[in-house]
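Structure, as structure tokens:
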Amino acid sequence: MHTVALLSLLLGCCVASPWKEEPVKKFPEDFLFGAGSAAYQVEGAWDEDGKGESIWDDFMHNKPWLMIAQDGSSGDVASDSYHNLERDIQIIRELGLDSYRFSISWPRLLPSGFPDQVNEAAIQYYNNLINELLKHNIEPIVTIYHWDLPKSLQDLGGWTNPNIAQWYEDYARIVFDNFSNRVKLWLTINEPNEICYLGYGHVLEAPALNASGIADYLCAKNLVIAHARAYRLYTSQYKPLHGGRVGIVFSANWHVPLNPDSEADKLADTLHFQAKFGIYANPIFGYGGFPKEYSERVAEKSAAQGFPRSRLPEFSEEEKQFVLGSYDFMGVNHYTGQLVTAENVPEYAVPSLLDDTGADLITLDEWKQSTSPWIKWMPNSLYNQLLELGSLYPGVDFYITENGWSGSTGLVDDDRVDYLRSCLQQCLDAVADGVRLKGYYTWSLMDSFEWAFGYGARFGLYEIDFEDPKRPHTPRKSALVYKHIIKTRAIDYDYAPDSLVMTIDEGH
Ligand code: GBH
């Protein structure tokens, strides 16, 4: 490891390093560079080999008018990774990734949602993937749940039904039984806020329940308990045998009060961050249960609205203790940020999470716009977010489990190259300032089905031709740049590839 990096790590977060003026240029040797994917976004084969129906199959097939893209697309075939395992392994090896993040499809493994039937074809597929990765020295990091709930469980209320904590644990047990002898890094659930707030509170994601201020809060409590059950199951029964680590993935976008001198803006900023992040993080990483300020706000609002009790459920003392501390690390998905204000707030639906926060979110025109309406390049947002998390949760290990830039088709993706270099620089700066950042996974390995945005937003280091039934792949410029960063463990701003040809280096 670079001496300066080592010294600043040893000094920790609280002591300012006297060497800070000299920037740390190299990533530590054990820092994991990766790229990610999620089952519904890449696998395809939506009804093959015994797979059950997920809430995303249902959303795309039966409620296509809710899509933002309105292009009639779906994840039925997607990048067809289910039939292209060799291609995926090849591009992972070409990049020289240390680690690959993928998710397991719950309805592929358990077609009924329950462990009464375990789908052997699914076990075979994930075994092949894991074994191939390990054969080439690539560390798998596996998301147990990335949004594709079995439809059968949604019919029973999905994440609003408290029984889901048990159902999820039952599913996790099958996953651990089959794969934990080889997979050492686990992510229980991807982005609770997007699951609960966008899926149960709005119609932006499946199951599109549109019951904000009610269903999103029920989901939040059940979800953190489900996570904790899987964590405790792993820790008591699998960790002693295999010694792996279990975390959860939050989306965390940087946020600052629009007017830093305004008490109202500061309060709106705090409550908004608690509503989108704190209600999931505090029960596990903080002081237990939902954040105090936010609980009080929702209780007051609920009372004024004529509800007999707070719409935000409470944790019993036993539940609080069960959930608190159920982590080995935190995964963070970060793309962008906003300025938060309490001024001129739009009239939100009542009740709703946004109404509870009393906040409005502002982005600036001068920030570069990606193809995704929600991603603008807010300068230094990743560094700021990492520093905030590092000080909120000292001693916690972090992984950036997603970070990426969306563009359109085309191989010369200079905006993505700039964004990637900038974000990795921000990671280096955060490490130099004592944040315990252990790895970075770019989103995404290849173009994939971008949920309600269809195939319009391209995030891939590799382009996929979705018109071609064979789903051919081609490296973009960012793939070569990332490969060079991984190889040298440094960011060379002058590096420009001679051609866009990728080959597998020796030893990969
Ligand atoms: C990630 O979520 C997902 O984990 C990943 O699967 C996905 O591919 C990736 O983003 C890129 O999209 O414009 O109002 O409809 C990031 C969280 C999801 C939050 C999309 C904003 C759109 C809100 N984001 N969402 S809106």
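Where a number appears in this text, it was derived from the coordinates with a stated rule and is not lab data. Keep in mind that what you see is a predicted model, and the values were worked out from it rather than measured. All Cβ positions, glycine included, derive from the backbone under ideal geometry; neighbour counts span all protein chains shown.
Using only Cα positions of the range 218-318, each an equal point scatterer, no hydration layer, compute I(q)/I(0) via Debye at q = 0.10, 0.11, 0.14 Å⁻¹ and quote the log10 values to two decimals.
Evaluating at q = 0.10, 0.11, 0.14 Å⁻¹ gives log10 I(q)/I(0) of -0.38, -0.45, -0.66.
Please compute the net charge surrounding D505, taking Lys and Arg as +1 and Asp and Glu as -1 over other residues with Cβ under 10 Å from its Cβ.
Surrounding charge for D505 is +1.
Within the range 206-234, what residues put their amide N at less than 11 Å from the label point 7 Å along the Cα-to-Cβ vector of A349?
Answer for the range 206-234: 208-216.
First select every other residue whose beta carbon is under 12 angstrom from the beta carbon of H272; then total the charges, Lys and Arg +1, Asp and Glu -1. Can you show the working numbers first?
Working: positive: K266, K276, R297; negative: D265, D269, E293, D355, D356, D360.
Cβ neighbours under 12 Å give a net charge of -3.
For H484 and D47 in one chain, what is 0.36 nm times their gap in residues minus the Cα-Cα distance, to one decimal in nm?
That pair, H484 and D47, stretches by 153.4 nm at full extension.
Could you calculate the contour length gain from N131 to L85, that is, 0.36 nm times the residue separation minus the distance between their Cα atoms, to one decimal place in nm?
15.4 nm
Within the range 33-67, which GluC sites (Glu not before Pro) sit in a loop by DSSP and count at most 14 neighbouring Cβ atoms inside 10 Å?
E48
Where the centre of each part is set by its Cα atoms, how far does the range 278-308 sit from the range 117-196, in angstrom?
29 Å
Taking the alpha-carbon distance from K376 and a cut-off under 26 Å, which lysines remain once sequence neighbours fewer than 8 residues away in the same chain are dropped?
K266, K276, K368, K438, K477, K483
Which FRET efficiency value, to the nearest 0.05, do you get for D116 and K184 by plugging their Cβ-Cβ distance into 1/(1 + (r/R0)^6) with R0 = 22 Å?
In this case the efficiency is close to 0.15.
Label points 7 Å out from Cα along the Cβ direction at D261 and H508: separation in nm?
5.3 nm
Provide, in order from the shortest bin, the percent of all Cα-Cα pairs of the range 107-226 in each 10 Å bin, continuing until the bin that contains the maximum pair distance.
Final binned percentages: 13, 42, 30, 13, 1.
For the chain, give me the percentage of DSSP beta bridges that are antiparallel, rounded to the nearest 5 percent. Write out the running numbers ahead of the final one.
Working: 11 of 48 bridges.
The antiparallel proportion sits near 25 percent.
By how many nm would the segment from V501 to T363 lengthen if fully extended, with 0.36 nm per residue of separation less the alpha-carbon distance?
Value of the extension gain: 45.9 nm.
Obtain the nm distance between the two label points defined at D492 and Q305 by a simple spin-label model: each point lies 7 Å from its Cα along the Cα-to-C-beta direction.
5.7 nm
Stokes-Einstein diffusion coefficient for the range 417-465 at 20 °C in a medium of 1.002 mPa s, Rh from the Kirkwood formula over Cα pairs: what value in µm²/s?
For these conditions, the coefficient is 171 µm²/s.
At 7 Å along the Cα-to-beta-carbon direction for both S236 and Q166, put a label point, then send me their distance in nm to one decimal.
In this crude label model, S236 to Q166 measures out at 1.5 nm.
Which order do peptides 236-248, 61-73, 321-333 fall in by mean Cβ count within 10 Å, highest first?
Top to bottom by mean Cβ count within 10 Å: 321-333, 236-248, 61-73.
Sticking to Cα atoms, compute the Rg of the range 288-332 to one decimal and its Dmax as the biggest Cα-Cα distance, whole number, in Å.
Both quantities, over Cα of the range 288-332: 13.4, 41 Å.
Which order, highest average first, do 429-436, 484-491 follow once you tally other Cβ atoms within 10 Å for each residue and take the mean per peptide?
429-436, 484-491
Taking the alpha-carbon distance from K320 and a cut-off under 20 Å, which aspartates and glutamates remain once sequence neighbours fewer than 8 residues away in the same chain are dropped?
E169, D216, E293, E296, D328
List the lysines whose alpha-carbon lies under 25 Å from that of K51, not counting same-chain residues fewer than 8 positions away?
Candidates past the 8-residue exclusion: K63, K151, K470.
Consider all pairwise Cα distances in the range 287-386 and report the whole-number % of them above 23 Å.
Looking at the range 287-386, the distances longer than 23 Å represent 50 percent of pairs.
In debye, nearest 20: dipole of the range 336-495 around its Cα centre with unit charges on the Cβ of K, R (+) and D, E (-)? List each step's numbers first, then the result.
Values: 14 positive and 24 negative charges, 180 e Å.
The calculation lands at about 860 debye.
Let me see the P(r) profile for the range 18-159: every Cα-Cα distance counted, bins of 5 Å, each bin given as a percent of all pairs.
2, 9, 16, 19, 16, 13, 10, 6, 4, 3, 2, 1, 0
Just the ratio, please: alpha-carbon radius of gyration of the chain over 2.2 N^0.38 Å, N its number of residues.
My calculation over the Cα atoms of the chain gives 0.93.
Calculate, for D468 and A211, the FRET efficiency according to 1/(1 + (r/R0)^6) with r their C-beta to C-beta distance and R0 30 Å; round to the nearest 0.05. Intermediate results must be reported in sequence, preceding the final value.
Numbers: r = 41 Å, r/R0 = 1.35.
The formula returns an efficiency of 0.15 here.
Where the centre of each part is set by its Cα atoms, how far does the range 31-93 sit from the range 439-505, in angstrom?
So the separation of the two Cα centres works out to 17 Å.
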